[in-house]
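What follows is a set of notes on a single structure, which appears directly below.
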Amino acid sequence: MSTLTLTNFEITAFDTPLGSVVTGFDASQTIEPEVILRLKQELRERHILIFKNQNLTDEKFLNFAFHFGSLFVPPDDIPVLASQPGVTPVIIPVSNVDGGYTGTGELTFHSDHQKNG
């Protein structure tokens, strides 16, 4: 693994073609533009970023996610994982424990979204 220290956090690339882990980073705080730029560069190069030890409200999670681009939110009449009748969630908790969404193999192969045409 190679490690890059940036301000108060580290980005460590896995010894694989994809993925880096970001540690010591607090996504709930105001983030400097040069930090967002560095994270975007890492995402472009490694395709997967894992942010360890985050404790975010849904609002703070969405605010952080918007730094990386627009988000697709399906309309309420298109059910997705964790939908309730007439309500499509914006954030879906994914967990690898019993009772968590997709964690114990209850989700069969699928495509989340597809563009026709």
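Along the charge dipole of the stretch 3-82, pointing to its positive end and built from +1/-1 on Cβ of Lys, Arg, Asp and Glu, which listed residue (Ala27, Leu62, Ala13) has its Cα farthest out?
Ala13
Quick check: net charge around Gly69, other residues with Cβ under 14 Å of its Cβ, Lys/Arg +1 and Asp/Glu -1?
+2
When the scattering of the stretch 30-77 is computed by the Debye formula from its Cα atoms alone, each counted once and equally, what is log10 I(q)/I(0) at q = 0.14, 0.21, 0.32 Å⁻¹?
-0.43, -0.89, -1.32
Report, by chain and number, residues whose modeled amide H sits under 5 Å from the one on Ile91, excluding near sequence neighbours (fewer than 5 apart, same chain).
none
Since every read-out is calculated from the coordinates, none of them should be taken as a lab result. Treat the numbers as computed from the prediction; the structure is a model and nothing was measured. All Cβ positions, glycine included, derive from the backbone under ideal geometry; neighbour counts span all protein chains shown.
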